[in-house]
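The values are calculated or read from the model by the stated rules, or taken from the named source; none is laboratory data. Keep in mind that what you see is a predicted model, and the values were worked out from it rather than measured. Every residue, glycine among them, receives a Cβ derived from its backbone with ideal geometry; neighbour counts consider all protein chains shown. SASA here: full protein model, heavy atoms, side chains in, ligands and nucleic acids out. Shrake-Rupley method; radii C 1.70, N 1.55, O 1.52, S 1.80 Å.
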Amino acid sequence: MASKKDKIKYLDQEIEFLLNQQKYVNASNSLYDFLKVGFDHVETHDFRDSRLAGALCEHLEAIMAGQIKRLIINISPRTMKTLLTGVYFPAYWWLKKPHLKFIYCSYTFDIAKVCSEKFRNLVKHDYYNLVQNSLEEYLDYPLKVITDNEKYILNSYRGDRSTVGIGGSITGKGADVIILDDPLKASEAKSKKVNTRTNQFIGETLISRFDKTSEEKVLILIQQRLKEDDTSGYLREMGGFDVLELPLLYMGMSNSSTKLNFKDWRKTPGEILVPELLNIEEVKRMEIEMTSIEFERQCQQNVKGVSGNIISSKYFKEYQNAPPYTQYILAADLAESVEDDACFTGLVVFGIYEGKYYV
């Protein structure tokens with residue numbers, strides 16, 4: 001007969017087994033749990049719980065439910081947005097609809113393939129199989145990887161995930177879901193040529209890759225704001241997008257507009273979006289390393305800046321009627337190139353009256 005000590009040991013093992021099984025069941029029923037448990041098995045660093053991760057998961061699951069078809073996510077760097085939206089989200093959706101076709105796009109293929117490698121590692125990991133085993137009611141047979149390379153991965157249900165950079169070839173590729181992850185490089189955002197080329201590729205080429213018979217036709221953009229006519233601005237002009245916009249430091253208002261009626265949970269101006277990932281010293285260091293305009297745009301999602309652009313708007317007053325100027329000054333900064341991405345010619349006319357300058 002087994003001793004009392006052996007029985008307790010066996011009971012402890014049985015409880016641990018059941019608890020682990022429950023974790024996988026939870027991971028199969030919740031994107032947030034799929035991400036959280038996945039960190040224990042796949043990632044090299046610990047998971048840090050955050051309200052932001054919960055908000056992102058809530059909106060991505062609304063996409064899976066068909067509530068949202070077009071989603072723009074504007075949040076700052078270093079908030080885990082790429083790992084969740086580009087890696088765990090499509091892998092989780094495959095557990096429900098393994099036939100789905102994804103196109104993942106970033107500003108260059110070299111950047112996009114990093115996310116591709118993480119995705120491939122996830123769906124081939126033992127953890128993914130353990131979650132599948134608790135989802136027998138969804139899958140007729142286990143999802144397996146058939147074709148596996150940095151540009152393309154195909155599963156046993158004929159679902160696939162293609163990886164491409166802006167301007168790359170997508171001939172012959174169809175999609176149910178297109179994920180755009182920072183399609184415009186921050187250091188190139190000032191180039192009119194690069195910005196226009198990026199938006200044209202997205203609007204004229206990439207969006208046309210939706211399969212005609214697809215029931216999904218989902219487009220997701222994840223981007224830190226860079227300028228008024230960046231990809232976020234370009235797609236907002238198209239209309240029809242839900243917008244999840246969250247500044248790194250709370251400004252006392254919510255600019256998000258989604259079908260979930262989402263409101264920023266923070267109450268006090270200056271609260272950090274992800275205190276679990278960034279402390280106030282790290283945020284201050286980001287402010288020092290960036291120019292004020294870069295911080296306002298990339299971290300605060302404010303493309304106009306806190307008080308204007310280079311010259312603060314607080315120094316200007318508006319007048320309805322011009323005074324009788326006694327002198328005029330014309331200032332010109334002429335463009336030196338006729339290339340598409342050259343700077344514009346700048347002209348300013350000043351009128352002078354009683355020692356004051358009017359523009």
Size of electric dipole in the chain: Cβ of Lys, Arg +1 and of Asp, Glu -1, about Cα centre, debye, nearest 20: 400
Burial order of peptide ranges 104-111, 125-132 (average beta-carbon count within 10 Å, highest first): 104-111, 125-132
Cα centre as origin, Lys/Arg/Asp/Glu Cβ charges: segment 23-114 dipole, Debye: 320
Ranked packing of 351-359, 139-147, most packed first, by mean Cβ within 10 Å: 139-147, 351-359
Dipole in debye (nearest 20) - segment 119-196, about Cα centre, beta carbon charges: Lys, Arg +1; Asp, Glu -1: 600
Rounded accessible area per residue of the chain, 1.4 Å, Å²: 56
Hz values of 3J(HN,Hα) by residue in segment 175-186 - Karplus curve (6.51, -1.76, 1.60), Gly and Pro given as x: 8, 9, 9, 10, 10, 9, 10, 6, x, 10, 6, 4
Listed residue (73, 39, 50) projecting farthest to the positive dipole end of segment 39-126, Cβ model: 73
Other-chain or far-sequence residues with amide H under 5 Å of residue 170's (modelled H): none
Listed values (i) 20.2; (ii) 25.9; (iii) 23.7, entry calculated as mean projected area of the Cα convex hull in nm²: (ii)
Table column - 3J(HN,Hα) (Hz), segment 260-277, Karplus curve with 6.51, -1.76, 1.60, x for Gly and Pro: 8, 6, 5, 10, 4, 6, 6, 10, 9, x, x, 5, 7, 4, 10, x, 6, 10
Listed residue (127, 169, 324) projecting farthest to the positive dipole end of the chain, Cβ model: 127
Gyration tensor verdict on segment 217-312 (Cα atoms; rounded if a/c is under 1.5, prolate if a/b is larger than b/c, oblate otherwise): oblate
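If packing is taken as the mean number of other Cβ atoms within 10 Å per residue, what is the order of 198-208, 175-185, highest first? List each step's numbers first, then the result.
On the way: 198-208: 16.6, 175-185: 22.9.
Order by mean packing, descending: 175-185, 198-208.
Would you calculate the convex hull of the Cα atoms in segment 200-249 and tell me its volume per residue in Å³?
Roughly 96 Å³ of hull volume per residue.
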Share of carbon and sulfur in the accessible heavy-atom surface of the chain [1.4 Å probe, %]: 51
Other-chain or far-sequence residues with amide H under 5 Å of residue 72's (modelled H): 221, 242, 243, 244
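Run through the DSSP bridge list for the chain and note the antiparallel percent, rounded to the nearest 5. Kindly include the intermediate steps, with their values, before the conclusion.
Details: 19 of 43 bridges.
Here the share of antiparallel DSSP bridges comes out near 45 percent.
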